[in-house]
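In what follows, a structure is listed as structure tokens, so that the remarks can point back to it.
Values in this text are rule-based calculations from the coordinates and carry no lab data. Here the structure is a predicted model, which means the values were calculated and not measured.
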Amino acid sequence: MQKLLASTSTSMWNRKPLPIAVMAIFAIAVLLPATAAACGHQPGQTPNLALPWMQGVPGFNTAANASARSYGSIVGLWHVTYTTSDNQLFQESFDTWHRDGTEAETANVNPIPGNFCVGVWKQVGSEIHLHHVGWSFDNVGNLVGPFTLDQSDALGAHGNSYSGSFDFKQYDNDGNLLLEVTGTISATRIGVN
């Protein structure tokens with residue numbers, strides 16, 4: 001049997017290069033558009049960036065200058081501001097929402113205590129629910145424990161912003177709640193031209 005498979009494989013490659021080349025070109029032609037679409041860019045969309053300090057960077061523009069076409073999805077890269085319920089800045093972050101229901105965020109906090117978390121999300125009606133998880137450390141690098149951050153968000157009118165509420169909880173390694181912070185979120189889509 002092995003001899004038969006070996007000779008079939010060898011003879012197929014030696015005698016039929018044209019059908020194999022045609023199949024390869026067909027596969028590339030069919031799969032390449034799907035690969036490009038997986039990154040979230042849709043033809044005809046005008047990506048944007050609403051961070052004022054980035055307006056002068058070539059290749060970026062603001063949401064105010066972007067077309068009014070609706071993105072219709074939270075999928076993409078966002079600049080997010082978290083404000084506590086007593087109106088204090090909690091953190092800012094860059095947050096990436098993926099089409100498969102996963103999400104990754106990096107915050108502008110000291111990386112030693114922890115500035116990265118991952119999450120899962122789903123849309124229910126007009127609301128988008130997100131559950132983040134991550135690890136926190138003290139300032140010398142010792143594990144404090146896990147944290148969770150739960151959000152309920154809604155996209156803005158043209159899909160260039162979202163807002164909502166958050167509930168951050170820090171636990172110790174035994175699962176005891178150490179800290180809870182609640183507040184609001186505002187986010188602006190980031191894109192390139």
Debye calc, one equal point scatterer per Cα of the range 52-190, no solvent, log10 I(q)/I(0) at q = 0.14 1/Å comes to -0.68
Could you give the Stokes-Einstein D for the range 96-135 in µm² per second, using the C-alpha Kirkwood radius, 4 °C, 1.567 mPa s? 118
Taking 0.36 nm per intervening residue step and subtracting the Cα-Cα distance, what contour gain separates L178 from D86 on full extension? 31.2 nm
